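Some notes on the structure that comes next.
The values are calculated or read from the model by the stated rules, or taken from the named source; none is laboratory data. Just so we're clear, the structure is a prediction, and the values are computed from it rather than from any experiment. Glycine gets a Cβ as well: all are built from the backbone with ideal geometry, and neighbour counts include every protein chain shown. All accessible areas refer to the heavy atoms of the entire protein, side chains included, with ligands and DNA or RNA removed. Shrake-Rupley method; radii C 1.70, N 1.55, O 1.52, S 1.80 Å.
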Amino acid sequence: MPPPVFWNGVLRRLGDEVPSFVMDAWLHPLVAEQAEAGVRIHCPSPLHRDRVSKRYLTRIGELAAIEVGAPVAIELEVSPPGAERAPSAPRSEPGAAVRPRSANPAGPRNQPERPPRQQAFPHTFDNFVVGPCNRLAREAAFAVAEGRQQPVNPLYLSSDPGLGKTHLAQAIADARHNRGGRVIFGSAETFLNQFTDAVRNRRMDQFKRRYRQQCDLLVVEDVQFLAKKTGTQLELFHTLNHLLDVGARVVFTADRLPREISALDERLRSRMAAGLVASLEPPDALVRREILRVKASSGGVRLPEDCLDLLVDVVRGSVRDLEGVLVQLVSSSSLLKRPIDLELTEGALRKISATSAPVARLEIATIVEAVATFYRTSVPLLAARSRRRDVVVPRQIAMYLCRRYTNQPASKIAAALGRNHPSVANAERVVERKLLESAPFRYKVEAIASRLDELERNTAS
C-alpha cells in the first residue's frame, strides 16, 4: 500500500465533496506517511489537528478504507512546517511521505510541474454565487470565457462597488489564462500610466505591440476614471477597434453605464456599448444567504441558522459588506475562543456600523399588538394555529411589518407568531403582491405603518 497512491486518492475524493477553499485551508496542508499500525497524518498546528479531528477525520477514514479495500488506522500528529520528523521504518517504496502540491519532491520527474496557482486569478466562476441580481452578467461573462457569443464583444459590466463585477472579470481572465490565452488584466489607471510612460519615453511601438498584437483578452477595470483623459481615450478607442477587428475579446467594468460617464469621447462610448452592457444589482435575501454559506464553508466555519438569519436580515449592502461582517464574526469567535452564537453575531454587527442597519427600535410584540388592535383581534389568536382568513391576513401583515421595523431574524419573528421560518418569507411575498394588486389592502397596511412610525419616533425621543 504505497502512501502516495493512498493519500492522493483520498484527497481526490475529498475534493469532490468539499469546497476548494476548505481543501486549501485544512486538507492540502496535511502530510501523510506510512506508520506501523496504519497511516500517520501530520498537522501543522494544534488548531489544525483539532479541526481535522472534529470535522474530517471520520470521512478521511471512510475514504481511506475505500481506497485500500480494508479499514485503515489513522493517527493525527502535530508537526509544524519545517520540523524534523522521525523517519519511518525502511521500506522498498520510495517517497513514504506525501505532501500534496509539493514543489520539489526528491528525484527527477518525467512530467513538467503545473504552474503555481498564483499566476492566474483568485476569483473563478466556481465561487461566484448566482441569483436574479447577477444572472445575466454571469451568463455573459461565462460566454466570453468560453469563446461563445461573439456579439457579446465588448462586454461591459456595471455595478456599484462590491457587487461582483471584478469577480466576474477575473473569472473570465482565469478561464482564458488556463486555456493558454494571452490575457492583459488591469485598471484604467494602469492603462493611462503605461500609455503616458510610452509617449514620454517614445515607446509607443512597444505599447501598441503589447496591447494589440500580444493580447487575446483585454480587461480594463474602472473605465469611469478615463473621463476627461482625451489622449488616453483616443488610444483606447483605436486599441479596442483593432482587437475587435482581429477577433480578440474585450471586457470593461465601471461603476456606471457608458452613457453616464461624463467627458467621454462619443466614439469610445458608442463602441463600449456596442456589445452587451450587463448590470449587477445588490443581492437579495436568498443570494445573501448563499454568499454567507459559501464564504463561511470556505474557511471551514459553520454558521448556526439563527446567526445566519440575523446576518441576512441586517446586512443588506454589497458582497463586500457581507464579507466584512463575516470576517469580524469569525475573528471574534477565534480570538475570544467562543462558539459563534446569536450574542456574538449581534456584537459583530454593532462593531461594523457602516454595514449594519440601525439597532431595532420596535419590539416584535409591539408590532404584533398594533396589527391585532387595528384588526380588532387578539395577539394569542394571531399566534394560534387558526387558518381563518380574518386571522391569516393580519398574521401575514404582522410578519411583513416585523421585517421592516425590526432587525430580528425571521426565525424569531416566526416563533413569536407560532410559525416556522419559511412562513415569514411566504408572508412577505404574499403581502408585497397584495400591496401592488389591491388599493384597499395597501391603505390598511399604510395605516398600521403610520402608527408604527409614530411609536418609533416616540421611542427614539
Quick one: ALA37 ticks every box in (1) under 28 Å from ASP174 (Cβ atoms); (2) at pLDDT 50 or above except a single one, so which number is it? (1)
Does region 31-41 hold any residues that are touching an Asp or Glu at 6+ places or on another chain (Cβ under 6 Å) and either loosely packed, with under 14 Cβ neighbours inside 10 Å or under 30 Å from THR124 (Cα atoms) (or both), and which are they? none
What are the residues in region 294-309 that are open to solvent by 10 Å² or more (accessible area, probe 1.4 Å), part of a helix (DSSP H, G or I) and at pLDDT 85 or above, if any? GLU305, ASP306
Among the residues of region 435-445, are any under 23 Å from GLU343 (Cα atoms), assigned to a helix (DSSP H, G or I), open to solvent by less than 30 Å² (accessible area, probe 1.4 Å) and not aliphatic (A, V, I, L, M)? no
Reported set for region 165-215 where residues are charged (D, E, K, R) and touching a Cys at 6+ places or on another chain (Cβ under 9 Å) is ARG182
Please enumerate the residues belonging to region 313-360 that are part of a helix (DSSP H, G or I), modelled with pLDDT under 85 and among the polar types (S, T, N, Q). GLN328, SER331, SER332, SER333, SER334
Out of the residues in region 155-166 meeting the condition of being in contact with a helix residue (DSSP H, G or I) (Cβ under 8 Å, 6 or more places away or on another chain) and surrounded by fewer than 23 Cβ atoms within 10 Å (Cβ to Cβ), tell me which one is farthest from ASP255 (Cα to Cα). GLY162
Write out, first by first residue and then by second, each pair whose Cβ atoms fall under 8 Å of each other, whose residues are 6+ apart or on separate chains, and whose first residue, in region 404-423, is at positive phi while the second is open to solvent by 10 Å² or more (accessible area, probe 1.4 Å) and among the basic types (Lys, Arg). GLY418/ARG385
Check LEU280 against each of (1) modelled with pLDDT of 90 or more; (2) closer than 24 Å to ASN193 by Cβ and name the one condition it does not meet. (2)
Pull out all pairs, ordered by first then second residue, where Cβ-Cβ is under 7 Å, the residues are six or more apart or on different chains, the first lies in region 195-206 and is on the phi < 0 side of the Ramachandran plot, and the second is open to solvent by 100 Å² or more (accessible area, probe 1.4 Å). ALA198/GLN206
Run HIS28 past the list (1) buried (at least 18 other Cβ atoms within 10 Å of the Cβ); (2) farther than 24 Å from PRO71 by Cβ and report the number of the one that doesn't hold. (1)
Using the structure shown, decide if GLU189 is part of a helix (DSSP H, G or I) and crowded, with 18+ Cβ neighbours inside 10 Å. no
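Given the options ASP222, ASP309, name the one that is acidic (Asp, Glu) and on the phi > 0 side of the Ramachandran plot. I'd like the intermediate steps shown before the answer.
Details: ASP309 fails: on the phi > 0 side of the Ramachandran plot.
Sole residue among the options that is acidic (Asp, Glu) and on the phi > 0 side of the Ramachandran plot: ASP222.
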Quick test of your reading of the structure: SER262 fulfils all but one of (1) under 19 Å from GLU221 (Cβ atoms); (2) not in a loop (DSSP other than H, G, I, E, B). Name the failing condition by number. (2)
Picking from ALA278, ALA285, ALA274, the residue that is open to solvent by 30 Å² or more (accessible area, probe 1.4 Å), in contact (Cβ under 8 Å) with a residue 40 or more places away in the chain, within 16 Å of VAL152 (Cα to Cα) and of a type in the set (A, V, I, L, M, F, W, C) would be ALA274
PHE225 - would you say it is without any contact (Cβ under 8 Å) to a residue 40 or more places away in the chain, under 30 Å from VAL315 (Cα atoms) and either within 30 Å of the chain's Cα centre (by Cα) or open to solvent by 20 Å² or more (accessible area, probe 1.4 Å) (or both)? yes
Applying the selection to region 120-140, what residues are without any contact (Cβ under 8 Å) to a residue 40 or more places away in the chain and open to solvent by less than 50 Å² (accessible area, probe 1.4 Å)? ARG138
Single unsatisfied condition, SER102 versus (1) at pLDDT 80 or above; (2) part of a loop (DSSP other than H, G, I, E, B): (1)
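I'm trying to understand the selection: among the residues of region 51-68, which are open to solvent by 70 Å² or more (accessible area, probe 1.4 Å) and farther than 11 Å from TRP26 by Cα? Even if it seems obvious, please write down each step before you answer.
Of the residues in region 51-68, the ones open to solvent by 70 Å² or more (accessible area, probe 1.4 Å) are 54-55, 58-59, 62, 66.
Of everything in region 51-68, those that are open to solvent by 70 Å² or more (accessible area, probe 1.4 Å) and farther than 11 Å from TRP26 by Cα turn out to be LYS54, THR58, ARG59, GLU62, ILE66.
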